[in-house]
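Enquirer: Handing you a structure now.
The values are calculated or read from the model by the stated rules, or taken from the named source; none is laboratory data. Predicted model only: the values in this text are computed from it and were never measured. Here the Cβ positions follow ideal geometry from the backbone for every residue, glycine too, while neighbour counts run over all protein chains shown. Keep in mind that these areas ignore ligands, DNA and RNA; they rest on the heavy atoms of the full protein, side chains included. Shrake-Rupley method; radii C 1.70, N 1.55, O 1.52, S 1.80 Å.
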Amino acid sequence: MQQDLNGNNIIITDPSSNLRALGRNALAGKWQSAIVAVIVYTLCIQVPPAILNTLFGVNMGDLYSINMGYSYNVGTDAYSAVYNSMPMYSPLSGLYTLLVSGAMELGLTLFFLAMFRRQIVGIGDVFLGFERFGKALGLFLFQGLFIFLWSLLFIVPGIIAAIRYSQAFFILADDPNKGIRQCMDESKWMMRGNKAKYFCLSLSFIGWAILAAIPAGVLSSLADTLYLSNFITIIFDVVGALCMAPVIAYIYSSQAGFYEILAGHLIKETEPAPINPEAIPAAMRQAQAPAEPAPQRPVQPQAPVNPVPQEVSQKPDQEQ
């Protein structure tokens, strides 16, 4: 990495392989807890909306016919197949996703940021984002609004906006006292000159993502072939999504290292930062200082000693 003297923000020049190595080093010996945390996050995000859609949902075909003023005969085979294949949707599931996503995203970010810093973490840390529920919700809405508005121009501006504000939740997790707009502005400032590097880092996981998506594709094809019910299909989709948990853990851990470099918390390019941020400047000075050899004691010549005469000479003193 190097320092941008014009804007004083850190520009990352390390290849994606080094950044992924940071994530693997942080996950060493902690893969199991990281995967379980991602599974808990995935279940909380996907299962309740699926249940709400199943219990209170309306077929999307009905919504289309009501909104468009168009009705069709679902008794025919063709329309019946299309109608039955359409998903169920309930406004309650959308409301749940809107309210929970921000807090869950903040909690998962807190978990991986603490893990990268070698702090003691637990699965329950995924729910710590609800302690800052209002701020997490506001940041989620604010971030989504900016990305949506840029996406109206074209897909590419939307992707750039998503990368520009990608560090907002890490900034909030690092300092919960910061405001929503401050997190967005700092993320925009940090990512100046680093958008291409972040995009390449994200793109470097595509092979693992495709490999992990194979079980999900197989389960989805099996559900379509066997004409299973919507609820069973949803279960298959959730199980397939859980196969992505190791890849998601890998991605989040690497992104935590990416943020630590941008924030200036990383001492070495191959090790996570220490737990106490106040110890970083002193540690950096120690790491940059050349190692001095340990001082060696001068070897003093030993005078010839004759213990026998010395012992004899002490005997008269003792007798006196």
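Enquirer: For ASP14, tell me the accessible area in Å² from a 1.4 Å probe, rounded to the nearest 10.
Expert: The value for ASP14 is about 20 Å².
Enquirer: Let me ask something else. Indicate the gyration tensor shape class of segment 168-219 (rounded, prolate or oblate), computed on the Cα atoms with a ≥ b ≥ c the square roots of the eigenvalues: a/c under 1.5 is rounded; otherwise a/b larger than b/c is prolate and the rest oblate.
Expert: It comes out oblate by the Cα gyration axes.
Enquirer: So for each of 159-168, 91-100 I average, over its residues, the number of other beta carbons within 10 Å; can you give me the resulting order with the highest mean first?
Expert: Sorting 159-168, 91-100 by mean packing, highest first, produces 159-168, 91-100.
Enquirer: For VAL36 and PHE130 in one chain, what is 0.36 nm times their gap in residues minus the Cα-Cα distance, to one decimal in nm?
Expert: 31.9 nm
Enquirer: Right, next: Solvent-accessible area per residue for segment 117-216 at a 1.4 Å probe radius, Å²?
Expert: 55 Å²
Enquirer: Hey, rough spin-label estimate for ILE206 and ARG181, points 7 angstrom out along Cα→Cβ, what's it come to in nanometres?
Expert: If labels sit at ILE206 and ARG181, their model points lie 3.8 nm apart.
Enquirer: Same structure, new question: Roughly speaking, what is the stretch gain from ILE235 to LEU55, that is 0.36 nm per residue apart minus the C-alpha to C-alpha distance, in nm to one decimal?
Expert: In short, 63.4 nm is gained.
Enquirer: What are the ³J(HN,Hα) values, in whole Hz, obtained from phi via the Karplus relation 6.51 cos²θ - 1.76 cosθ + 1.60 with θ = phi - 60°, for each residue of segment 194-207 in sequence order, with x given for Gly and Pro?
Expert: 10, 5, 5, 5, 5, 5, 5, 5, 5, 5, 6, 8, 5, x
Enquirer: Each residue of segment 98-110 in order: what ³J(HN,Hα) in whole Hz does its phi give by Karplus 6.51 cos²θ - 1.76 cosθ + 1.60, θ = phi - 60°, with x for Gly and Pro?
Expert: 5, 7, 9, 4, x, 5, 5, 5, 5, x, 5, 5, 4
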